[in-house]
Amino acid sequence: MTVKVRFAPSPTGRLHVGNVRTALLNVLFARSQGGTVLLRIDDTDLERSTQDNEDAIKADLTWLGLSWDETFKQSERFDKYEAAKQSLIDQGLLYPCYETEDELDRKRKIQRAQSKPPVYDRAALSLTDEDKAKLDAEGRKPHWRFKLSGGRIEWTDLVRGPSHIETSSVSDPILIRADGSYLYTLPSVVDDLESNVTHIIRGEDHVTNSAAQIEIFEALGGKGSAPAMGHTALLVGADGDKLSKRLGSLSIEDLREIDGYEPMAVCSLLAKIGTSDAVDARDDLQQLADEFEFGKLSRTPARFDPEELKRLNAKLVHAMSYAEAQPKLAALDADGGEAVWLTVRPNLTFVKDV
Ligand code: GLU
């Protein structure tokens, strides 16, 4: 089997340390296996996706050395998603629902008051063709839900080990909104199938989606067509708390342009935190790839400490040859020649400190 992974950012903002870790782990795994990387731009949200963000994401990945073998945008593939929608309707697995947000909210409140989980009651499944025709004639626009099997979905997660979700405990997910727009769930499966993705590596905030997606994979691609999945623990701050707003939104652009970090400091830190390896700087991605193993990834959150990032950066700068430093020094208008560089570099944390 030739390994193929994908990194699928939504171009609704810039890359930050959290989503870059996902990109990095995908690339390291692919390189460790001689596999390929697909960069998929998840821009089905036409309102919030911008070309500017897409360009910035590609620039950030390129700066970090995270190259891809293939790329495409979801917004160019709506015909494929329409075909998948029709296939699910034909199989009785996608059904129209007409409840408004208020009605759904009321249902959930009643369920909560009765100490029941707020799972969608599937009332729309009992609508007759006549009922639906009437609602359509009134101009009501349905949203569409995927009908989960109600059974137990099991998979062996590459990071979390044997995993399962009882689909009876979750609501049938909405795949298409009333305005006709697609949530990411269905297009992602359609593309993963068509691109022959073999491994999905993403943050553990996607675990619940995975149950629905495994069932959608099987509905569209047949039994066993779901790729292997690995859900990585999320990043937390140095104190173990949720990443603070500032850190959580720490953009790669700022790390590069404002702070002046070396790309390998960022990659080394993000590759090593939350693993059984010591956190240390590496000179290139291939070394990180050679050391990559799913078994080293911990299920507990990875601690992101900016002080540690500085330490790795200083280490890389202290060992940086004049040949490597020279273009950076020239750009800073601070090139005093090799002897000066070798004398001052042990005192620097960033090249710009020169
Ligand atoms: N566009 C989705 C996200 O950024 C992709 C999730 C996935 O990897 O499946 O969250």
> Looking at this structure, is F292 open to solvent by 20 Å² or more (accessible area, probe 1.4 Å) and either more than 17 Å from G18 (Cα to Cα) or assigned to a helix (DSSP H, G or I) (or both)?
Replying inline: yes
> When segment 6-47 is examined, which residues are found to be within 11 Å of the ligand (Cβ to nearest atom) and polar (S, T, N, Q)?
Replying inline: S10, T12, N19, T22, N26, T44
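Suppose we filter K141, K132 for residues that are at pLDDT 95 or above, under 20 Å from D179 (Cα atoms), in a helix (DSSP H, G or I) and not small (G, A, S); which single one remains?
K132
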> Can you find a residue in segment 325-334 that is at pLDDT 95 or above, crowded, with 18+ Cβ neighbours inside 10 Å and within 15 Å of L25 (Cβ to Cβ)?
Replying inline: no
> Looking at segment 169-207, which of the residues that are among the aliphatic types (A, V, I, L, M), more than 16 Å from G221 (Cβ to Cβ) and within 12 Å of the ligand (Cβ to nearest atom) is modelled with the highest pLDDT?
Replying inline: I201
> Tell me, which residue of segment 155-185 that is surrounded by 12 or more Cβ atoms within 10 Å (Cβ to Cβ) and among the charged types (D, E, K, R) is nearest to D43 (Cα to Cα)?
Replying inline: R177
> Just to be sure, is W63 within 28 Å of N26 (Cβ to Cβ), open to solvent by 30 Å² or more (accessible area, probe 1.4 Å) and of a type in the set (F, W, Y)?
Replying inline: yes
> Does segment 58-70 include one or more residues that are modelled with pLDDT of 95 or more, assigned to a helix (DSSP H, G or I), in contact with a helix residue (DSSP H, G or I) (Cβ under 7 Å, 6 or more places away or on another chain) and within 12 Å of the ligand (Cβ to nearest atom)?
Replying inline: no
> Conditions: (1) more than 30 Å from S149 (Cβ to Cβ); (2) surrounded by 21 or more Cβ atoms within 10 Å (Cβ to Cβ). Q213 meets all but one. Number of the miss?
Replying inline: (1)
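Return the residue satisfying two criteria in turn: it lies in segment 9-59 and is among the small types (G, A, S) and buried (at least 23 other Cβ atoms within 10 Å of the Cβ), and of such residues it is farthest from E194 (Cα to Cα).
So the residue we want is A23.
The values are calculated or read from the model by the stated rules, or taken from the named source; none is laboratory data. These figures come from a predicted structure and were not determined experimentally. Glycine also receives a Cβ, built like all others from the backbone with ideal geometry; neighbour counts cover every protein chain displayed. Quick note on the areas: whole protein, heavy atoms, side chains included, nothing else; ligands and nucleic acids left out. Shrake-Rupley method; radii C 1.70, N 1.55, O 1.52, S 1.80 Å.
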